[in-house]
1. For the subset of the range 37-83 comprising residues that are among the polar types (S, T, N, Q) and in contact with a Pro (Cβ under 8 Å, 6 or more places away or on another chain), which member is modelled with the lowest pLDDT?
2. Give the residue, chosen from P170, P99, P151, that is crowded, with 21+ Cβ neighbours inside 10 Å and more than 24 Å from the chain's Cα centre (by Cα).
3. Can you name every residue in the range 387-420 that is aliphatic (A, V, I, L, M), assigned to a loop (DSSP other than H, G, I, E, B), open to solvent by less than 60 Å² (accessible area, probe 1.4 Å) and touching a residue at least 40 places away in the same chain (Cβ under 8 Å)?
4. I'd like the residue in the range 242-264 that is open to solvent by less than 80 Å² (accessible area, probe 1.4 Å) and among the aromatic types (F, W, Y) and, out of all such residues, is modelled with the highest pLDDT.
5. Filter the range 61-88 for residues that are out of contact with any helix residue (DSSP H, G or I) (no Cβ under 9 Å at 6 or more places or on another chain) and assigned to a helix (DSSP H, G or I); which is surrounded by the most Cβ atoms within 10 Å (Cβ to Cβ)?
6. Find the helices (runs of 4 or more DSSP H) located wholly in the range 191-300 whose residues include 3 or more that are out of contact with any strand residue (DSSP E or B) (no Cβ under 8 Å at 6 or more places or on another chain), and list them.
7. Return yes when E239 is in contact with a Phe, Trp or Tyr (Cβ under 8 Å, 6 or more places away or on another chain), open to solvent by 30 Å² or more (accessible area, probe 1.4 Å) and modelled with pLDDT of 95 or more and no when it is not.
8. Here is a check on your reading of the model: is L129 within 30 Å of A345 (Cβ to Cβ), free of Cβ contacts under 8 Å to residues at least 60 places away in the same chain and surrounded by 14 or more Cβ atoms within 10 Å (Cβ to Cβ)?
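The values are calculated or read from the model by the stated rules, or taken from the named source; none is laboratory data. Since this is a predicted model, take the numbers as computed values, not measurements. Please note: Cβ atoms are built from the backbone with ideal geometry, for glycine as well, and neighbour counts cover all protein chains shown. The protein model used for the area step is the full one, side chains on, heavy atoms only, and it has no ligands, DNA or RNA in it. Shrake-Rupley method; radii C 1.70, N 1.55, O 1.52, S 1.80 Å.
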Amino acid sequence: MRYTIYRRVLACLCVLLVFFQILQVILEEHNRAQAAEQVVEEQEKLTLWYTDEKLNEYLVDTAAQFEAETGVEITLQLVTAVDYIELINRASISESGGPDLFVTSSELLEKARLAGLTVENDSFLDAELAGYFPQKALEAATCGGKLVAYPFYFETCFLLYNRNYVDHAPASIDEILVYSDTFEATEQMANVENILKWNVADIFYNFFFIANYVNLGGSTGDDPSQVQLTAEEVYQCLEYYQSLNAFFAIDAEAVTTDDVLQEFIDGKTIYTIAKTDAIARLDQAIANGEVPEITAPMEEAGAEGQAGEGENPEEPSAEGEASGEGENPEDATEAGESEAFYGIARVPDLTGELKTKGLSVTNSVVVNAYSPCRERAKEFAKYITYDKVDDLYAKANKMPVKIGVPYENDQIHVLTEQYEESVEVPKITDLSNYWIWMEIAFANIWQGGDVQTEIQSVSDRVQSQISWQP
């Protein structure tokens with residue numbers, strides 16, 4: 001009897017043991033499921049860092065659309081531009097973690113790559129990339145032989161001219177000098193104070209003088225073996241630059257970009273060198289009624305000359321023949337194309353022999369290599385820079401690099417053409433001080449400093465910093 005009871009107790013214990021084992025398996029599966037759900041939940045959150053508050057409206061709206069379509073929660077964080085890459089790196093290796101993706105300029109891409117913060121942009125096929133983005137943008141987003149970012153928007157410089165005074169852009173500054181020599185202050189021109197004025201204290205507006213003859217790291221701007229700063233043409237261009245002080249007498253210590261643009265709006269300046277963001281300011285001035293009316297608009301001045309009535313008809317001011325629609329259709333904007341008082345053209349050459357190129361900076365979106373949600377981050381990067389980027393200019397006044405973006409302003413295409421032929425700011429970290437030194441050199445040259453001495457000094461400093469050795 002006792003033996004039978006013992007057997008029954010033992011059987012019950014076995015059953016209980018099996019039950020607890022099954023229960024343990026169920027609990028473990030439940031815990032794993034909960035952990036998986038938590039991981040999924042974490043993967044459905046992304047953080048984007050950026051430094052330009054002008055992007056606020058576009059990023060907020062785009063993030064909301066992405067969240068509605070995918071369920072992914074997007075956190076946008078506007079941070080300081082000071083030590084930006086260092087800040088991202090410190091946050092990324094901390095317990096709290098850094099951004100899943102961030103917006104940065106091309107000049108910081110090498111620093112980001114060397115810090116291990118980049119992953120390859122593999123969201124497009126090669127054929128798609130060629131059809132969606134200009135080569136200049138792809139080169140700007142390439143570093144270390146790989147496409148490590150998603151090209152977003154660009155800035156570049158170009159020529160603005162007042163179409164109430166002149167009806168074509170010049171092909172060269174030489175032509176502006178001819179115009180300046182023959183200029184007469186007619187009733188129509190009574191408000192004019194400057195034939196040509198630009199911010200001679202800012203390297204971004206000055207660099208087009210020498211950009212065609214310097215090499216800042218090759219096509220992708222990250223090859224230290226391809227740095228050439230002292231070509232003979234560089235000296236010639238800077239001597240030409242220095243000579244312009246005698247013509248236009250711009251005070252480098254007093255001039256500002258805002259003042260230059262305002263004088264252009266006020267009709268005091270005929271030609272100026274501007275940056276991409278100037279267009280929105282001009283259009284706002286038109287909308288606000290800030291642009292003065294010209295009493296005798298130039299309706300009859302054609303390709304024969306730009307000076308209008310009262311000026312020497314035998315001296316084609318700004319050499320109109322050389323810049324008429326038949327010879328430079330990509331630079332000149334027909335008066336009938338737009339009602340805007342301004343015309344947009346590529347930066348003019350200096351002379352028939354000394355050519356120019358604009359300077360550009362491309363901003364891109366980078367997926368952080370430290371992100372646990374890379375694939376989702378890549379989706380959002382593509383969404384920002386391609387899928388919804390047609391809205392960027394309207395909401396942020398930024399020029400997207402994507403090919404085929406429509407604009408209400410029919411002159412904008414000139415900016416994209418200028419960008420595609422521009423010189424991009426290099427990525428080489430050792431060249432970071434170059435811009436400071438060149439700005440000082442330009443300032444000294446404008447004031448009469450020796451061109452050879454100034455440029456050789458900058459070149460020597462740069463070469464001493466570049467780590468590459470032949």
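1. This residue is Q43.
2. Just a single option satisfies the conditions, and that option is P170.
3. V401, I412, listed by residue number.
4. The qualifying residue modelled with the highest pLDDT is F264.
5. L87
6. Result: 232-248, 257-265, 278-287.
7. no
8. So L129 passes the test.
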